[in-house]
1. Tell me the per residue accessible area of the protein assembly as shown using a 1.4 Å probe; a whole number in Å² is fine.
2. Extending each Cα 7 Å along its Cβ direction at residue B:287 and residue B:52, get the distance between those two points in nm, one decimal.
3. If the label for residue A:323 sits 7 angstrom from Cα along the Cα-to-Cβ line, what are its distances to the same label in every other copy, in nm to one decimal, shortest first?
4. Just add up the charged neighbours of residue A:9: K/R +1, D/E -1, any other residue whose Cβ is under 9 Å from the Cβ of residue A:9.
5. Restricting to bridges with both residues inside the range B:332-480, how much of the DSSP beta-bridge set is antiparallel, in percent to the nearest 5?
6. Only helical DSSP H runs with n ≥ 4 go in: add -39500 (n - 2.57) per run for chain A, normalise by residue count and round the 222 nm mean residue ellipticity to 500 deg cm²/dmol.
7. Given chain B, what percent of its DSSP beta bridges are antiparallel, to the nearest 5?
8. Under the classification rounded if a/c is under 1.5, otherwise prolate if a/b is larger than b/c and oblate if not, where does chain A fall, given a ≥ b ≥ c as square roots of the Cα gyration tensor eigenvalues?
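The values are calculated or read from the model by the stated rules, or taken from the named source; none is laboratory data. All figures in this text were calculated on a predicted structure; none of them were measured in a lab. All Cβ positions, glycine included, derive from the backbone under ideal geometry; neighbour counts span all protein chains shown. Ligands, DNA and RNA are excluded from the accessible area calculation, which covers all protein heavy atoms including side chains. Shrake-Rupley method; radii C 1.70, N 1.55, O 1.52, S 1.80 Å.
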Number of protein chains: 2
Amino acid sequence: MPMTSASYAITMRLYVQPDDQHAVGLITTAIGDAGGTVTAVDWVSTKDRHVTLDLTVHARGSDHASLLRDEVDHLEGVEVHRVSDRTFLTHLRGKLRVESRVPLKTRDDLSMAYTPGVARVCLALVDKPQDARSLTIKGNTVAIVTDGTAVLGLGDIGPTASLPVMEGKAALFKEFADIDAWPVALDTTDVDEIVSIVKAMAPVYGGINLEDISAPRCFEIEERLRDELDIPVFHDDQHGTAIVVLAALTNALRLVGKDIADISVTMVGAGAAGVAIAKLLLAQGVVDLRVADRHGLIAPGSEQPDSGKRWLAASTNPNGVTGSLVDGLDGADVFIGVSGPDLFDAAELARMADDAIVFALANPQPEVDPLEARAHAAVVATGRSDYPNQINNVLAFPGVFRGALDARATAITEEMKVAAALAIASVVKEDELHPYHIIPSVFDSEVVPAVAAAIRDVVRRNETAAPAPSIAVDDGDDLR
Amino acid sequence: MPMTSASYAITMRLYVQPDDQHAVGLITTAIGDAGGTVTAVDWVSTKDRHVTLDLTVHARGSDHASLLRDEVDHLEGVEVHRVSDRTFLTHLRGKLRVESRVPLKTRDDLSMAYTPGVARVCLALVDKPQDARSLTIKGNTVAIVTDGTAVLGLGDIGPTASLPVMEGKAALFKEFADIDAWPVALDTTDVDEIVSIVKAMAPVYGGINLEDISAPRCFEIEERLRDELDIPVFHDDQHGTAIVVLAALTNALRLVGKDIADISVTMVGAGAAGVAIAKLLLAQGVVDLRVADRHGLIAPGSEQPDSGKRWLAASTNPNGVTGSLVDGLDGADVFIGVSGPDLFDAAELARMADDAIVFALANPQPEVDPLEARAHAAVVATGRSDYPNQINNVLAFPGVFRGALDARATAITEEMKVAAALAIASVVKEDELHPYHIIPSVFDSEVVPAVAAAIRDVVRRNETAAPAPSIAVDDGDDLR
């Protein structure tokens, strides 16, 4: 049974008879008996011969919320006047706003920020385009580009319905890394058109975060944009996930005392995330990696329908193991699931090697029951926030882009991704490592600075930064 | 000689000998003698055997600013340590930022604004796409779309160099109308590509403001987007200018007691603004309108190179007047210039009818000297802020889009433009009308509400709003 959650929080406005001194007790008892969680009771007013209360409750889902409402409404002397859904209230008017960074209250303000003064800044940019990183928003701005074809677990819901996710992502960029991110939700699924649109709009941005674009189209879109643009292009569903998986794996291996070069890894899921994880694991020294899709383990040299799976067939499974995913578990040190819900029974994990590591990342329902998995594995991680060891992209993308923007990176390389993963892993100190704590919390304030510093170091070491502006942004700190 | 301006404001950090009690007096005298304006003297510190002062000065231009610096540096006991250009300081880091409208501090916040709660909002939008106006940023968001081909008076400077103007425009949208506007500066000048890009990105926006796109391409881009999108598309250089010209003309005619149906109008400039002004004047009842381009007056039925000029040849100059622009001034009641600097001598205005009205809008240098024009005209207006009667688009576009977003308008019609112009004109009350005050100040807080209300009225009257969301944005005001 799922837990109650803030994502299903409702607030009921109640009219209660004032002479009933036990009403609040009866109400909270009724909610508790029906499996809800009362999180707030706010007394609104006493008038018109009734007391008005706002009762906020966490439910398990939409049907459960309706049930809780009915339970309260049936109580003697209590009337549910209206019900508000707090998640929908959170979304009213959208989740982003654009603010001016400059005052525009006086004629002098206008003369400097707009005409006629702005013309001098424009001419300076004609002369030195690299100054766009200090004299315009480009230096701190990331586009979140989607076509709405692979949104969360919802699939192809289109650009309009994807917008709440893109806005949320932009809000996370701001909250965690002080980056100005903007949603670009495109009403086209044509690869050529998406590539040409992103190229055309790139002057405004210091980086491109591709989001929720379905495989295999996402591979070609990213590859072509990386070739043609001089700013970082990063498909978060691929590389964000891969970075955090490598971070978690690094610490899990430290805990069980195994070397990454020696382990046998079985993964299920050959989409965007699976391919990127495979590439990063090989880059970091994994040799024995086999990947299953819905047809079973991908055999070396087998015919495959798209570029991602062709790469897997060419580059993984050196021992040529065939059969089902479950067959692939035999003797494996690590299982990684980036696929769908409830693929096999936890008892099958007994096939794995001692001190097995299980990352079951399908959301909201993991590939294998994570509670039962603990009986057979030394370390278990999921994508969910209500189990220990949440593998969450929020640990990676804010710091990756913060570092890339700071360093004027022109691309996100495999070396940077490995550096980011090791930086995330390093936030969990040796004496903090525990089977329930291989990865830092998304709210750990050390994560983003550590990741950003790691990215900056790689750019500096390889001297791959874009040209420095002639006017530095900190020229203004001294004299304003 | 141009006036000193905040757009050429510099701040000099000065080291001054502390034993010189007259230093500040000498400095300000030297600036004044050299034609500069001291606007601030800030005492920064006293240490290291000198006093540090920040001296802020308005100059007439870049060369003049250098001269002022040298004058101060040559003073005995005064050293200019560094010079900062305040306009460039204003632009450091760009002029916009994106902020989250929702808290993201706790796990509950994340659960509602991002996963898993956001999935419910996405599914609601699959079901009812019209709710995007209340549950996403679409309801209050405008794209400022340019290709950088006709930026201010600077011409084709490209998307990167145009960005400070687009950011400034977005800042004005926020300051004057609380609209979240975002720059879309495109690295393409291909009409088909611009049209397809704007169509593809439209799901995020409630309106499209086209900006600084050169004629005649701007006509086709706007027309095709208006046909294909269900949100307002408004080329501000055309229609913003036309609205404010009609507003100013309405009040100028009131002042001189002439009827718009009876006047003779001569205009110079057959680009984006000229064509739009002509259309709006005809819509509002002007009959005798003739338009000149660089080749002279456009004759009825003459061969013309683009759609805008072809329309002018087909629709204006009913009396078939031919010759130069100056020939066209004979007997005209109104002159409107939306072209280039210094086209003719003010004495030529004597050819016009009594109580002539002269709008010389070329910026920064008007078509005719506005001070000398006053000798021959009852009313003179320019595009500049340092003369009376500034005809500035800031009077129109914030209120037009505010009203259009509020009313869920699907287009900006000629009827709306006329209503907006009359609303701007109405802000100057009968007893405030004066040859130096035919148009409200851009800082007049009555303008935007009046324009927005006029736009809303037109939408309501014609019942042309987009479908109403099932969840209104003010559903949240009551219970949160």
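1. Counting only protein heavy atoms, the per-residue value for the protein assembly as shown is 38 Å².
2. Here the answer is 7.2 nm between the modelled labels.
3. Those label-point separations list as 10.0 nm.
4. Counting the neighbours of residue A:9, the net charge comes to -1.
5. Details: 2 of 11 bridges.
Roughly 20 percent of the beta bridges in the range B:332-480 run antiparallel, per DSSP.
6. Values: 18 runs with 188 residues, N = 480.
Helices in chain A give a 222 nm mean residue ellipticity of -11500 deg cm²/dmol.
7. Bridges in chain B that DSSP calls antiparallel: roughly 50 percent.
8. oblate
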